[in-house]
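Here is the structure we will look at.
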Amino acid sequence: MTVVAADAAYTKPFTTNIVMIGPGQTTDVLLAANQAPGRYYMAARAYNTAQNAAFDNTTTTAILQYKPAAYHSAEKGGPFSNPILPSLPAFNDTATATAFTAKFRSPSHAKVPLEVDENLFFTVGLGLINCSRPSPRCQGPNGTRFTASMNNVSFVLPRANSLMQAYYQNLPGVFTTDFPPVPPIKFDYTGNVGRGLWQPTRGTKLYKLKFGARVQIVLQDTSIVTTEDHPMHLHGYEFAVVGTGFGNFNAGRDTAKFNLIDPPIRNTIGTSPGGWVAIRFVADNPGVWLMHCHIDAHFGTGLAMAFLVENGVGELQSVQPPPSDLPRC
């Protein structure tokens, strides 16, 4: 989503500021009410990067209005002029969205792991699954339905028990800890991908991390079905966004450009459409933590995985027992 604020009390916009917010992402904005007294439009429209994907391309608006008592003498008691809608970026203006995101920095030196214990590479994207029989869900080509995956694993949420309950109570058969740290097959992720790689496997696979591990994840978008900006959210943690770019990630070239001084700290970050984003964090919160796309349709079709962060030493570094009145699944 692109949010634009512009002056609406005069015939020409007084100021224009652009903010890009992903689904489920939060951004704090400091507003200085120091413009000429009047009414100012705030407008937002969708940002969509998926090719040929239907979406709600409408504009939402609000008006920021100075109190009438604050108007200067020329406007005091006079009629309001009609607000002027600012010029909004195009719904697929990736250049503007990227330029805005690239400006973010932490206000001071950020705590970023300089060394890495777990160097993970996750492809994120869409795919197709064959349908065994006709169904309204099978709207893909040649009798298939759309799905999504990370590292070619389409995540399946457990039905009978939660992941955390299964881990704490050591219940078998709910999940496995063999989520792949890299794609099972290396390919040209943003190029022309052969159809043999379009169908992922399904499973409830977790990746195990030792308490205190210093983790780097490169989230690589793919061109399977379509490239897209996937807003990836990690439960239980905030992370440093140390790098981003377009095309396939190249460790020898791109790692040297990482910002390890003052990168932005987030819990949700969009992958560059047809590109990648690199994040780092310290696994110091034990338990089972989901990482998933914040587009509901993608999460529901399997664009997710989960980390199992093992206990550390002592009570403060261990998963706490559930309360006695916790409802059962």
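The values are calculated or read from the model by the stated rules, or taken from the named source; none is laboratory data. All figures in this text were calculated on a predicted structure; none of them were measured in a lab. Note that we place each Cβ from the backbone using ideal geometry, even for glycine, and neighbour counts take in every protein chain shown.
Could you give every pair whose Cβ atoms fall below 8 Å, whose first residue belongs to the stretch 231-252 and is within 11 Å of Q220 (Cβ to Cβ), and whose second residue is among the acidic types (D, E), counting only separations of at least 6 or pairs across chains?
G245/D254; N248/D188
As an exercise: evaluate P322 against (1) assigned to a loop (DSSP other than H, G, I, E, B); (2) at pLDDT 95 or above and give the number of the one condition it does not meet.
If we test P322 against (1) assigned to a loop (DSSP other than H, G, I, E, B); (2) at pLDDT 95 or above, just (2) comes out false.
Residues checked against (1) buried (at least 19 other Cβ atoms within 10 Å of the Cβ); (2) touching an Asp or Glu at 6+ places or on another chain (Cβ under 6 Å); (3) assigned to a strand (DSSP E or B); (4) among the charged types (D, E, K, R):
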{"site": "V277", "(1), (2), (3), (4)": "yes, no, yes, no"}
{"site": "L290", "(1), (2), (3), (4)": "no, no, yes, no"}
{"site": "G302", "(1), (2), (3), (4)": "yes, no, no, no"}
{"site": "F307", "(1), (2), (3), (4)": "yes, no, yes, no"}
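Which of the residues that make up the stretch 105-126 are out of contact with any helix residue (DSSP H, G or I) (no Cβ under 8 Å at 6 or more places or on another chain) and buried (at least 16 other Cβ atoms within 10 Å of the Cβ)?
Quick first cut of the stretch 105-126, residues out of contact with any helix residue (DSSP H, G or I) (no Cβ under 8 Å at 6 or more places or on another chain) only: 105-125.
Passing the criteria: S106, A110, V112, P113, E118, L120, F121, F122, T123, V124, G125.
So, Y168, is that one within 23 Å of the chain's Cα centre (by Cα), more than 13 Å from G125 (Cα to Cα) and among the hydroxyl-bearing types (S, T, Y) or not?
Numbers: within 23 Å of the chain's Cα centre (by Cα): no; more than 13 Å from G125 (Cα to Cα): yes; among the hydroxyl-bearing types (S, T, Y): yes.
No; evaluated as a whole, the condition is false for this residue.
Might you let me know whether the stretch 200-210 holds any residue that is assigned to a loop (DSSP other than H, G, I, E, B), within 25 Å of F121 (Cα to Cα) and under 23 Å from the mean Cα position of the chain (by Cα)?
Yes, the stretch 200-210 contains a residue that is assigned to a loop (DSSP other than H, G, I, E, B), within 25 Å of F121 (Cα to Cα) and under 23 Å from the mean Cα position of the chain (by Cα).
Could you run through the stretch 38-66 and say how many residues are assigned to a strand (DSSP E or B), more than 25 Å from T271 (Cβ to Cβ) and of a type outside the set (S, T, Y)?
The total comes to 7.
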